[in-house]
Structures are given as structure tokens and as C-alpha cells.
Amino acid sequence: MKWFNLLQEKTKIWDIREMLETLLAALPECSHVAVPEATEQAMRYYRSGNVLWFLGQLWSLGVPLLFLVSGFTGKLSALSQRWGKKWYFTIVIYLMLFILLSTLLNFPLDVYAGFFREHAYGLSTQSFGRWLGNYGKGVMITIISAAAFVWIFYWLLKKSPRRWWLYGAFVSIAISFFMMLIQPIWIDPLFNTFGPMKDKGLEKEILGLAARAGIDHGRVFEVDMSQDTNTVNAYVIGFGSTNRIVLWDTTIEQMKPDEILFVMGHEMGHYVLHHLWWSLAYFSVLALVIFYLIYRTSNYLMKRYSKRFGFKKLSNIASVPLFLLLITIFSFMTDPLSNAISRCMEHEADRFGLEITQNNEAAANAFIVLQQTNLANPRPGLLYKIWRSSHPALGERIDFCNSYCPWNQDQPEKYGKYFR
Ligand SMILES: [Zn+2]
């Protein structure tokens, strides 16, 4: 009631405003960078992106369901057996046919989302030939990795019908570690050229920052992404000797040196705080849970529907779409948790980047460049955050830059112990 009376009187409103202003002034203000309003085009990209994402989810359920419910997977497996004769070749032929057929079914959505839509929004710089070539390479890599690894799971299914899920989870952890190890040296170079940084002055500054972060043999690679996209990015990848920070050349073109230094500080945060190892640890737990759930549900579904699916045993390679369907469902259910964990690590990497550069304004401006060049919505909706955001919203990241500077307030830095 008191507040209501206060608001009734115009003069008192000024008092409240003054009070709020004094309160705000007392809060730490480390920079004053306003979050830009999302452009109309960015909002269209955001909304249509949500529709597309939803369609993609339905599609990744629909394609394996089609193979199962029609019983086609059973026929495909029988055909592969006739052609392959031996156990391993049967598996490889089935996988090749399955991957090629599902690629055909996915192609319309892929070409729209990956090529036409990106061009319509001015985000892509790729020619259609280059896009198609990269798409083809992606399919080849899928076929080769499937031929190299999938038989292990089917061998386990055959040998140990009750424990395959446990051993399978361990195998998938080992495979994902192996893939993360080789990706920067064997896979990524198939698509782009990775080389030393061209701007030697900037490289020296980055290596100086790396030395301060306690990274001695810092490896920074510049990649020629400008032939594919106008968007900006940087990331950490690899383990041990293949570990590196990769900076897109578009980032170097679009950002000022002190903004790039913050981005690198963020990436160094991932490295120093061992985020790749933590991700692998999380993935290991997730793999165990998902494999167990798949074990339980696949046996149940086989009991009820094996006639319709057209195969009798899970160890038949015809069960591939059933496993894919269950992986899609369980990943969808666990994505909110995976995203929340990723957002946590990203936030800590932001803190690390701020603490090591102590340049809040440059950091906030880097996020503005990210928002504007990548057509991002700085304040996405709740569902988007829960299911799709591996990073905190850009608006929140800029807010954090504006409010976090313990070094100005005689407070200890959280990661000061890592700095030299
Ligand atoms: Zn990050």
C-alpha cells in the first residue's frame, strides 16, 4: 500500500529513480557496453531456425522408424548377407547401403539448411560445388568410421547378450577419445587448410597471453574458413600432442586485436581448466546410462515388434535403425543436462578470459561482433536455452562482462593461481 501511494505522487517517483540509480552505481560496473537489439533479420533467422531444428528432430526419428516399421531393414540385411556372405562383409555392406539411403532421405533438409538458407541470410560464402564436395566427404567419413567400428558392437551383442551394453559403453568412450585425438590431424584438414597465424604481431601477443596462462607450447592455428562462411569462431581441439587452439580467419578479419585476445583467453580457459577432459568424463557417464537404457528398451521392443521389424535378433545388423532411433530419443532427453554442463564450462572460460585480459570492454565488444556476424539472438527463449544452447546467451555474456571485475574491487580472482 505504501508503495502504491509513493507511485501515485510524481515527485516521489523521482526519489525511487534516484534510489535505484544510487543502488546501481554501488553495484560493480566494469564496462558499459549495451547489448544490441537483435535485428529483424536475426530474429527471422532465429525463428525459422527453431522450426528447422524441430523438423530435423522429427526427421531423425522418422528415417529410422521408416526402415523399421516397413520391415525394410530386415530385407536390406538379408540382401547384405547374400552379397557379403561373411559376417564382417555383411555388416559393412548393410552399413554402406543404410548410410547411402538415409543420406538420400536427409538430403533435401541438409541442402536447404546447409546451403540455400545460409546463402539467403548472407552467412555462407561457399560455392555449391564446394558445399556438395564437403557433404560427400562427410558421408565418406561416416561410412569409413562405421565400417571401422560398428562391427565391434555387433560382435559384443553376439558374444554377450546380457553385458554388451556395459562393454559397448566402454568401447564407445574409447572410440570418442580416439576420434577427438585424430580429428584435428586427419579429419579437419580434409575440409580446410590449417596453418600458422599470418599476422605475426598478433601471434606474438597471443603466445605471450598463452605463456601467462601457463601454456608453454602453445599451438595456435589459423584456418581458412573465409571460403566457407562469413561467421566467426575459435575453438580448442585434440588431446596431448594433437591439442591446439584454432582461430577462424574470419574472426581475425572481423575483430580488433584486443577482442581476439579475449577470445583466445576464453579458449585458453578451456585448455587450462581441462574442459575437454571433463567433457569426456561426462560423456563416459552419459554413454553408460544411454547404453543401459538402450539395452532395456531394445529388448522390450524386440519382444513385441520383431516380426514387424523383419529380424529376430538384436545381433542382426538389421537392428541399426532401432539403435539409432533409441539414441535419438535418449539424446533428446539428456540434451538439457549436456547443454547445462557445457554452458557452465563456457561461463568459466569467459571468466578465465576476463581475468587474464582484464579488458571487459574488449570482451563485451567481441560478443557484439559474434552476435552481429553470426545473426544471433542475444536473448533467446527458455526452450531454446534448455535444448539448444551449449553456450550462455550472448546478452548474458555481455552482462557478465559489464559486471565482473574483481581486480577493480580488491577481490581475489578465481583463476589467478593459474596466471604467471
Ligand atoms: Zn568456449
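Data table
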| quantity | calculated |
| --- | --- |
| Options Phe330, Phe323; residue that is in contact with a helix residue (DSSP H, G or I) (Cβ under 6 Å, 6 or more places away or on another chain) and either at pLDDT 95 or above or in a loop (DSSP other than H, G, I, E, B) (or both) | Phe330 |
| Residues of region 205-214 satisfying the condition of being in contact with a helix residue (DSSP H, G or I) (Cβ under 9 Å, 6 or more places away or on another chain), open to solvent by 20 Å² or more (accessible area, probe 1.4 Å) and at negative phi | Glu205, Arg212 |
| Among the residues listed as His274, His270, the single one being in contact with a helix residue (DSSP H, G or I) (Cβ under 9 Å, 6 or more places away or on another chain) and not aliphatic (A, V, I, L, M) | His270 |
| Options Phe194, Phe170: the member that is open to solvent by 20 Å² or more (accessible area, probe 1.4 Å) and within 13 Å of Val246 (Cβ to Cβ) | Phe194 |
| Given (1) surrounded by 14 or more Cβ atoms within 10 Å (Cβ to Cβ); (2) away from the ligand (no atom under 16 Å from the Cβ), index of the condition His217 fails | (1) |
| Top-ranked residue in region 267-309 [being surrounded by fewer than 17 Cβ atoms within 10 Å (Cβ to Cβ) and among the β-branched types (Val, Ile, Thr); ranked as nearest to the ligand (Cβ to nearest atom)] | Val285 |
| Of all residues making up region 245-259, the number that are open to solvent by 70 Å² or more (accessible area, probe 1.4 Å) and over 18 Å from Leu207 (Cα atoms) | 2 |
| Only listed residue being within 14 Å of the ligand (Cβ to nearest atom), touching a His at 6+ places or on another chain (Cβ under 8 Å) and of a type in the set (A, V, I, L, M, F, W, C), chosen from Met264, Met345 | Met345 |
| Pair list, Cβ < 7 Å and 6+ apart or interchain, from region 273-288 residues that are under 21 Å from Trp165 (Cα atoms) to residues that are open to solvent by 50 Å² or more (accessible area, probe 1.4 Å) and more than 16 Å from the ligand (Cβ to nearest atom) | Leu280/Phe177 |
| Selected residue (only one of Val232, Val246 is touching a Ser or Thr at 6+ places or on another chain (Cβ under 6 Å), of a type in the set (A, V, I, L, M, F, W, C), in contact (Cβ under 8 Å) with a residue 60 or more places away in the chain and closer than 23 Å to Leu394 by Cα) | Val232 |
| Residues (more than 17 Å from Ile187 (Cβ to Cβ) and surrounded by fewer than 19 Cβ atoms within 10 Å (Cβ to Cβ)) located in region 221-232 | Ser226, Gln227, Thr229, Asn230 |
| Any pair with Cβ under 7 angstrom, 6 or more apart, that starts in region 350-375 at a residue that is within 14 Å of Phe400 (Cβ to Cβ) and away from the ligand (no atom under 14 Å from the Cβ) and ends at one that is open to solvent by 10 Å² or more (accessible area, probe 1.4 Å) and of a type in the set (S, T, N, Q) | Asn360/Asn402; Ala364/Asn402 |
| Flag if Thr334 is among the β-branched types (Val, Ile, Thr), more than 16 Å from the ligand (Cβ to nearest atom) and farther than 30 Å from Val285 by Cα | no |
| Ile237 vs. criteria of a type in the set (A, V, I, L, M) and either open to solvent by less than 10 Å² (accessible area, probe 1.4 Å) or under 18 Å from Tyr418 (Cα atoms) (or both) | no |
| Options Ser77, Ser70: the member that is open to solvent by less than 40 Å² (accessible area, probe 1.4 Å) and modelled with pLDDT of 95 or more | Ser77 |
| Positions within region 228-254 being aliphatic (A, V, I, L, M) and more than 15 Å from the ligand (Cβ to nearest atom), in sequence order | Ile252 |
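The values are calculated or read from the model by the stated rules, or taken from the named source; none is laboratory data. Here the structure is a predicted model, which means the values were calculated and not measured. Here Cβ is always computed from backbone atoms with ideal geometry, including for glycine, and neighbour counts include all displayed protein chains. Areas reflect the complete protein model, heavy atoms only, side chains present, ligands, DNA and RNA absent. Shrake-Rupley method; radii C 1.70, N 1.55, O 1.52, S 1.80 Å.
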